[in-house]
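See below for the structure under consideration.
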Amino acid sequence: MSRSDIINYLISANGYKSFLEIGVQGKINFSSISIDRKICVDPDPSREADFIISSDKFFEVNRENFDIIFVDGLHHADFCYRDVINSLKFLNPGGCIVVHDVMPYSYESQLIPFDKSYSSGSAAWNGDVWKAWIKIRTERKDLLMHCVDSDWGCGIISFSSVPCNMDIDDFNDGYYKYNHDSIMSSVNRISVDDFVEIYKNPLIPGAKKLSERKCYVTHTDRNYISVAENLVRSLSQFSDKKILVYCVNCTEDEVAPLLKYSNSIVRILDLLDLVDSQNIKYEDSGNFYVERANRRTYQILSTKVNAMESALEEGWDEVCYLDSDCLATPIVDEIFNWSGSITNYPLGTEGIHNYMLIIKDGKQIGNPFENSWPEPDNTLCLEWPMMEVFGISPERRGKYRTTGIMLMNHKCLGFIKKWKNACEMVERTFTDLPRMAPFHEETIFNVLLWMIGDGGLPLCYINVSDGLNTIKEFYSDSVSAGTRSWDEEVHQNRFFAIPEDKNHVKVFHGEKRKSEADKIISYLLDLKK
Ligand SMILES: C[S@@+](CC[C@H](N)C(=O)[O-])C[C@H]1O[C@@H](n2cnc3c(N)ncnc32)[C@H](O)[C@@H]1O
């Protein structure tokens, strides 16, 4: 049975109407597919595809969903992996993906790069598509994956309503080393007869909904590992969702404490030009904070954008980014209830102020009402230099959003890539970073946002200024909803605000000490009972 026979069989069993082929070459397969609508993508102009661009580019601009997608582009594991993950986002309910070349013919046929001298005979070049296939099998319990033992291995992927696939340990280092037998036993091979039997009925149309994947994301460098660990620990108590912890330039030993929690997934991000300067300041209480006017701080904070991009590209449907110095409340998962408001940019949180202020030499700066009340003069805002760079007039300035808590989905990827590029551009171009982007990636986020809109989350956190006492105070009746630090003498200088609805508070922010975090978590656990 050829790849085309397999695709046509799936089309007729499911009544599919639309088909996308990634990597079309001489259209041998494409011209054999019978379906109402079919389009193809290939960056090589000689292939005369409908879209003469790479699949990555195609998925950035595409807005159409398909019933069946054939992944047969560049046979490198990382490309194939991205093609599958992107295809999943554009699949109609009940749809499926077919991946070609999952079963390499021999050791030579899967070598990267392609060795032309080897292929001069009749043998095919399968590339290391098998690595992508097995990686997805180990990562995605929500996907049903079979590989038909025909035409170099045709993998079929559909959403499943019951947990599938295998545990990560099942494959071990076989992922990296070629071993024919272990690959064959790990792809979930089925015969052609099995295929005909298993796929004769339509796939379950509702399965995609049942398997919606949501996760938390945070990021840290080696100085903040213990802080990120507090967050992971608190989430493990109040949520059953995973947290992806992106560790910037950390060693395996440094990330070890994070690996003991079953809700954490640790990823290392390598930042080649990270400045190695001291940017942490300790208070007498043992709490600490980053020094803002420091290049390393700018670099580390900018990588939060890389973390968001990477999580979405891994295929998570909805992602909630939390700064590592957040602690979950018992209702933390309710953040995802706001996802209906996402359009095409991540939702940042309303902050304590509607503009960003800093205290310099004992004086507040950045207040647009200074000497201009009641009309704001937005050129006094700290974001003004960056607004000028992006050509934004003072009137276009919207509400100031913080980036410590953000909610997003894959529709936000275009914005996130622009944000990441802008952070890199600003670092390369301006020597005076504290003036251009005093709140680093957050300043840049706001300015980019004002170019297209100003939606976001309500104020959904409080700043913890006095450890467990702040938490107790919050839950008691002594502070009422709607309190702002500047309203009441007692809260002066505490950077404190309580939303109009106390239930909006989903995380506590700013406590970094393990001992205090532990007290807070156990207090919240008692409260939950
Ligand atoms: C194995 S051939 C496709 C064969 C075709 N699907 C068939 O079955 O008849 C791989 C094709 O992928 C294309 N390709 C290479 N890089 C690509 C990319 N990044 N995105 C999409 N296609 C790519 C190549 O130009 C080539 O035409």
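The values are calculated or read from the model by the stated rules, or taken from the named source; none is laboratory data. Being a predicted model, the structure only gives us computed values, none of them experimental. Glycine also receives a Cβ, built like all others from the backbone with ideal geometry; neighbour counts cover every protein chain displayed.
The residue list LYS116, LYS89 contains one member that is surrounded by 16 or more Cβ atoms within 10 Å (Cβ to Cβ) and either more than 28 Å from ALA311 (Cβ to Cβ) or more than 14 Å from the ligand (Cβ to nearest atom) (or both), which is LYS89.
Filtering segment 192-199 for residues that are surrounded by 17 or more Cβ atoms within 10 Å (Cβ to Cβ), in a loop (DSSP other than H, G, I, E, B) and under 22 Å from the mean Cα position of the chain (by Cα) leaves an empty set. Go through segment 58-80 residue by residue and tally those that are near the ligand (Cβ under 9 Å from one of its atoms) and in a helix (DSSP H, G or I). Of the residues in segment 58-80, 2 are near the ligand (Cβ under 9 Å from one of its atoms) and in a helix (DSSP H, G or I).
When segment 403-451 is filtered for residues that are closer than 15 Å to CYS381 by Cα and of a type in the set (Val, Ile, Thr), the ones remaining, listed by number, are THR443, ILE444, VAL447. Screening SER158 on (1) in contact with a Phe, Trp or Tyr (Cβ under 6 Å, 6 or more places away or on another chain); (2) on the phi < 0 side of the Ramachandran plot shows it passes everything except condition (1). Restricted to segment 262-309, the set of strands (runs of 3 or more DSSP E) holding at least 1 residues that are in contact with a His (Cβ under 9 Å, 6 or more places away or on another chain) comprises 264-269. Can you name the residue in segment 56-74 that is touching a Phe, Trp or Tyr at 6+ places or on another chain (Cβ under 9 Å) and among the charged types (D, E, K, R) and, of all such residues, is modelled with the lowest pLDDT? Taking the candidates together, the pick is ARG63. Across segment 456-465, not a single residue is classified as under 16 Å from MET356 (Cα atoms), in contact (Cβ under 8 Å) with a residue 12 or more places away in the chain and aromatic (Phe, Trp, Tyr).
Filter segment 22-53 for residues that are crowded, with 17+ Cβ neighbours inside 10 Å and either small (Gly, Ala, Ser) or more than 6 Å from the ligand (Cβ to nearest atom) (or both) and give the result. Spell out the reasoning first.
Within segment 22-53, the first condition is being crowded, with 17+ Cβ neighbours inside 10 Å, and the residues that meet it are 22-24, 29-30, 33, 38-43, 49, 51.
Listed by number, the residues that qualify are GLY23, PHE30, ILE33, LYS38, ILE39, CYS40, ALA49, PHE51.
Residue check: is TYR16 within 24 Å of ASP317 (Cβ to Cβ), part of a loop (DSSP other than H, G, I, E, B) and hydroxyl-bearing (Ser, Thr, Tyr)? Yes: the conditions hold for TYR16.
A count restricted to segment 1-13 and to residues that are in a helix (DSSP H, G or I) and either near the ligand (Cβ under 9 Å from one of its atoms) or of a type outside the set (A, V, I, L, M, F, W, C) (or both) stands at 6. Filtered by the rule that a residue be buried (at least 18 other Cβ atoms within 10 Å of the Cβ), hydroxyl-bearing (Ser, Thr, Tyr) and more than 15 Å from LEU380 (Cβ to Cβ), segment 340-364 gives TYR345, THR349.
Assigned to a strand (DSSP E or B), farther than 20 Å from GLU313 by Cα and among the aliphatic types (A, V, I, L, M): does that describe ILE39? Break it down into steps so the answer makes sense when it comes.
Numbers: assigned to a strand (DSSP E or B): yes; farther than 20 Å from GLU313 by Cα: yes; among the aliphatic types (A, V, I, L, M): yes.
When the stated conditions are applied, ILE39 passes them.
The residue list ILE33, ILE22, ILE7, ILE53 contains one member that is at pLDDT 95 or above and touching a Pro at 6+ places or on another chain (Cβ under 8 Å), which is ILE53. Close Cβ contacts (under 9 Å, 6 or more residues apart or on different chains) running from residues in segment 258-283 that are farther than 14 Å from TYR224 by Cβ and among the basic types (Lys, Arg) to residues that are at pLDDT below 90 and assigned to a loop (DSSP other than H, G, I, E, B) comprise ARG267/GLU314.
Consider segment 406-425 and keep the residues that are surrounded by fewer than 19 Cβ atoms within 10 Å (Cβ to Cβ) and without any contact (Cβ under 8 Å) to a residue 40 or more places away in the chain. The one that is farthest from VAL332 (Cα to Cα) is MET425.
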